[in-house]
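Asks: After the structure tokens below, expect a handful of questions from me.
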Amino acid sequence: MSRTLLVEDNVIFRKSISKILNDEFPTMDIEEASNGREVLQHIQVLPPNLILMDINLPDESGLELTQTIKETHPEIPVIILTSYNIPEYRDAVSQTGATNFLVKSISTSEEIIQVVKSAFPEVANRANR
């Protein structure tokens, strides 16, 4: 079973993304975190196969957290979630080693699903069985 860690401090948005993923990938185990401390706890206990990471968390930058994760777990794809579609953020995201970048306000359910499938092809293969 694949494990995805959804990191988002906005409960409504987090539940919305979780529902999209559950509907498309019913065998995916989705864990949730709302801050950097929870993320690090999840990774220590059982590293996920995929992380969707908010860029702005209450206690830590999602970009810095992504860099920390990629240093110890470079195999885990990380998709950054942000409200800001600006070139500086895209550049910063690429420097962290993140796999992709989604803008919350303009990304459709289909785009979210496609980005997850491209970042973690094993999920797409299981969903098609």
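Asks: Pulled fully out, how much extra length does the chain show between TYR84 and LEU46, if you take 0.36 nm times their separation in residues and subtract their Cα-Cα distance? Working shown, then result.
Replies: Values: separation 38, 0.36 × 38 = 13.68 nm, distance 3.07 nm.
Taking TYR84 through LEU46 to full extension adds about 10.6 nm, to one decimal.
Asks: Among LYS117, LYS19, which comes first, then next, by fewest other beta-carbon atoms within 10 Å?
Replies: LYS19, LYS117
Asks: Using a Cα-Cα cut-off of under 21 Å, which lysines could be cross-linked to LYS15, ignoring same-chain neighbours fewer than 8 residues away?
Replies: List returned: LYS104, LYS117.
Asks: Taking the Cβ of GLU32 as the centre, find all other residues whose Cβ is under 13 Å away and add up their charges (Lys, Arg: +1; Asp, Glu: -1).
Replies: -2
Asks: Could you calculate the FRET efficiency of SER118 with ARG37 from 1/(1 + (r/R0)^6), where r is the beta carbon distance between them and R0 is 30 Å, rounded to 0.05? Mind dumping the intermediate values first?
Replies: Details: r = 29 Å, r/R0 = 0.98.
Calculated value: 0.55.
Asks: Stretch GLU110-ASP9 to full length: gain in nm at 0.36 nm per residue minus the Cα-Cα span?
Replies: 34.1 nm
All of the numbers you see were taken from the coordinates with simple rules; none came from a lab. What you see is a predicted model, and the numbers here were worked out from it, not measured in a lab. All Cβ positions, even for glycine, are placed from backbone atoms using ideal geometry, and neighbour counts span all protein chains on display.
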